[in-house]
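**Q** Take this structure, written in structure tokens, and hold onto it; I'll ask about it next.
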Amino acid sequence: MRPYILVAEDEASVVELLKYNLEKEDFETAAAIDGDEALMMIEERTPDLLLLDWMLPKVPGIEVCRRVRARAETANLPIIMLTARSEEGDRIRGLDTGADDYVTKPFSTTELMARVRAVLRRIRPALVEDQVEVGDIKIDRTGHTVSRNGQNVHLGPTEFRLLDYFMQHPGRVFSREQLLDTVWGSDVYVEARTVDVHVGRLRKALRQEGTKDPIRTVRSAGYAFKNE
Ligand code: CA
């Protein structure tokens, strides 16, 4: 699954440049042209990273950042601020508000891409690494293999994608609809119950003597992955 990056920027040429470079590096992107739209889009679908312009119409970048941090669902969303101002004071203010990094305009795309990867690696290592380990479970995306305590676990393609997605966001609760949208794709019509079937298969495949079920059923909410 490609990491989803939201670009909040009102300058069309900058948006185009960012989208072009991000998509070339295999990120999924969307753009918001003002602060209002950015907040709405984040609420609809939480991005894996937000590239946030400081000077945004309607709701300024710094306020978007503050509101994103204030919501429990997005409190940990990685944010890189884009700022035309290079003054030290603003940088500190931006980082104080909760941005994870900032890039001063005009920026080199090479540098920005490096920052994006660095922030993702630091905050969401599971999104950019080929091999990810959470507790005793290890997933290898290149080799498409999964193991638990060193023993191979055989998974179908859907269970593999499901586990991969869970492991990218340990602890987060996902509704069945959210899982359908991201793991199956929003253009596919599948009943919510299907998610239960595949979660059941995943649980069964991961079962081992002396280990705990890493998938938690959250009543009336959905599922969460936690593997200590
Ligand atoms: Ca701007």
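The values are calculated or read from the model by the stated rules, or taken from the named source; none is laboratory data. No experiment lies behind these values; they were computed from the predicted model shown. Cβ: placed from backbone, ideal geometry, glycine included. Neighbour counts: every protein chain shown. When the accessible area is computed, the model is the full protein with side chains, heavy atoms only, and any ligands, DNA or RNA have been set aside. Shrake-Rupley method; radii C 1.70, N 1.55, O 1.52, S 1.80 Å.
**Q** Of all the residues that make up the stretch 5-25, how many are touching a residue at least 24 places away in the same chain (Cβ under 8 Å), more than 16 Å from the ligand (Cβ to nearest atom) and either open to solvent by 90 Å² or more (accessible area, probe 1.4 Å) or outside any loop (DSSP other than H, G, I, E, B) (or both)? Can you show your working first?
**A** Within the stretch 5-25, the first condition is being touching a residue at least 24 places away in the same chain (Cβ under 8 Å), and the residues that meet it are 5-11, 14, 17-18, 21-22, 25.
Still in the running and more than 16 Å from the ligand (Cβ to nearest atom): 5, 21-22, 25.
Filter again for either open to solvent by 90 Å² or more (accessible area, probe 1.4 Å) or outside any loop (DSSP other than H, G, I, E, B) (or both), leaving 5, 21-22.
Here the count works out to 3.
**Q** Kindly indicate which of 109, 158 is among the polar types (S, T, N, Q) and within 20 Å of residue 199 (Cα to Cα). Break it down stepwise before answering.
**A** Values: 109 fails: within 20 Å of residue 199 (Cα to Cα).
None of the others qualify; the one that does is 158.
**Q** So residue 42 clears everything in (1) of a type in the set (A, V, I, L, M, F, W, C); (2) under 13 Å from the mean Cα position of the chain (by Cα); (3) within 16 Å of the ligand (Cβ to nearest atom) except one condition, right? Which one?
**A** Only one criterion is unmet by residue 42, namely (3).
**Q** Name the residues in the stretch 26-36 that are out of contact with any strand residue (DSSP E or B) (no Cβ under 6 Å at 6 or more places or on another chain) and more than 13 Å from the ligand (Cβ to nearest atom), would you?
**A** Step one: filter the stretch 26-36 for residues out of contact with any strand residue (DSSP E or B) (no Cβ under 6 Å at 6 or more places or on another chain), giving 26, 33-36.
Once the filter is applied, which keeps residues that are out of contact with any strand residue (DSSP E or B) (no Cβ under 6 Å at 6 or more places or on another chain) and more than 13 Å from the ligand (Cβ to nearest atom), the stretch 26-36 yields 26, 36.
**Q** So how many residues does the stretch 26-47 have that are part of a loop (DSSP other than H, G, I, E, B), open to solvent by less than 40 Å² (accessible area, probe 1.4 Å) and either closer than 21 Å to residue 113 by Cα or hydroxyl-bearing (Ser, Thr, Tyr) (or both)? Please lay out each step first, then the result.
**A** Filtering the stretch 26-47 down to residues part of a loop (DSSP other than H, G, I, E, B) leaves 26-27, 33-34, 45-47.
Remaining after also requiring open to solvent by less than 40 Å² (accessible area, probe 1.4 Å): 27, 34, 46-47.
Checking which are either closer than 21 Å to residue 113 by Cα or hydroxyl-bearing (Ser, Thr, Tyr) (or both) leaves us with 27, 46-47.
So the count comes out to 3.
**Q** While we're on this one: I'm checking my understanding of the structure. Among residues of the stretch 74-87 that are touching a Ser or Thr at 6+ places or on another chain (Cβ under 8 Å) and open to solvent by 50 Å² or more (accessible area, probe 1.4 Å), which one is nearest to the ligand (Cβ to nearest atom)?
**A** Looking at the filtered set, the residue picked out is 84.
**Q** Of the residues in the stretch 48-73, how many are open to solvent by less than 70 Å² (accessible area, probe 1.4 Å) and within 16 Å of the ligand (Cβ to nearest atom)?
**A** Selection size over the stretch 48-73: 14.
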